[in-house]
1. What number, in percent, do you get for the relative contact order of the chain if the mean sequence gap of Cα pairs under 8 Å and at least 6 apart is divided by its residue count?
2. Sorted by packing (mean other beta-carbon atoms within 10 Å per residue), highest first, where do 218-226, 57-65, 126-134 land?
3. What is the Cα coordinate range of the range 348-457 on the first, second and third principal axes, sorted by size from largest, in whole angstrom?
4. How high is the relative contact order of the range 201-306, in percent, with contacts defined as C-alpha pairs under 8 Å that are six or more residues apart?
5. Where the eigenvalues come from the Cα gyration tensor of the chain, what are the semi-axes √(5λ) of the equivalent ellipsoid, largest first, in whole Å?
6. I'd like the FRET efficiency for residue 174 and residue 454, computed as 1/(1 + (r/R0)^6) with the beta carbon distance as r and R0 of 51 Å, rounded to 0.05.
7. Taking only the alpha-carbon atoms of the range 224-339, what semi-axes of the equivalent ellipsoid follow from 5 times the gyration tensor eigenvalues under a square root, in whole Å, largest first?
8. Between the range 29-63 and the range 408-453, how many Å separate their Cα centres?
């Protein structure tokens, strides 16, 4: 593709904005603020952990899709076999789609932009009307894919970043106090790990494996192919992730500073409302509502597009628009269960999905081009699944995790496996499986062909 340097720079910035706008949503705003309140004086270490799982992991996810030249989750997980790839696709899209992430966008926007302005006894009706309008707009934007870059990259994103910059500017010119507040018990000794696990709630590392489909289609629409597409995607991903890191550190710091004025909030949405209300008084709530709504709407558009594209690829007899309507309607229904319900049920699923997604990212970035990659993929995931399931069980409601047989199993797991008690029990088994898979795969290749693969020489 031939283009002037000015045009290339403009397209790079537009694609960077698209990436940022598609995954920076409700969780990316509310979870770091709450993290700052919990971490107190250890806010920097906690923010570092949050940046790893909320920014570095998503960047690696983008690069993994680029390296493997995957056109969606089905291609990305194909070395594990078509059946597993299909199951993984369904699980990921249900998690970041109509069961958790997509409904969370509308539920958060309602709680912070509408609920403060209506009487409490109208809350249920207000939620119904707001989420209906929210997903109607989402559906209309998603049916005009050719306009996606324009909608997300130029307009919604610009408004979101402008409003967020105003909040940061005023808050840092007139800070609420110092950063020496006492951390909660969980963040006194393991603030970085706590921040890393809190970053799971953003869903970004999992989401970008799926959202890359929409991203690649949009970049191809600009005329990029092959190596040029890969290069532009990598650069744009780095720019958008770098901006996100800066915002995360700012939000965590805001949360820590707010403890000079407020008590620890029940969730980050409440904390952010208190902070903005403190600085902007009666205008603050309205400003915050506009900020959150702009941010989460961009995310919702990307999520429903990706869901419809991948499910249409997996089940081609059902049209793209039919899948789009399906995910939009389901998201509308789940959103009306309320934000607290959505968040409470999402954590166990995240503890299952993140280890699997991170293992696949590791495999894609290291051995996906090796001729025995399929063996390494299968062995690594086999070692990852069990601890991931146990981490999921450990984070289920007490009605499940409190059962005597499960308690005994979890006690053994937390005692025997390194880092399991911290929520990272999958880490060592995954690395062991990865190592065994490479050795076994290489030996099988040499045994069958009598020579070392060229990629290993």
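1. Details: 694 pairs, mean separation 134.4, N = 457.
It rounds to 29 percent for the chain.
2. Details: 218-226: 15.2, 57-65: 24.1, 126-134: 18.0.
So the order, starting with the most tightly packed, is 57-65, 126-134, 218-226.
3. 54, 21, 18
4. Working: 30 pairs, mean separation 35.6, N = 106.
Once divided by the residue count of the range 201-306, the mean separation gives 34 percent.
5. Working from the Cα gyration tensor, I get semi-axes of 35, 28, 22 Å.
6. Numbers: r = 62 Å, r/R0 = 1.22.
E(calc), rounded to 0.05, equals 0.25.
7. Working: eigenvalues 248, 105, 25 Å².
After scaling each eigenvalue by five and taking roots: 35, 23, 11 Å.
8. 27 Å
Every read-out reported here was derived from the displayed coordinates using simple, explicitly stated rules and does not represent laboratory data. Not measured: the values here are computed from a predicted model. Note that we place each Cβ from the backbone using ideal geometry, even for glycine, and neighbour counts take in every protein chain shown.
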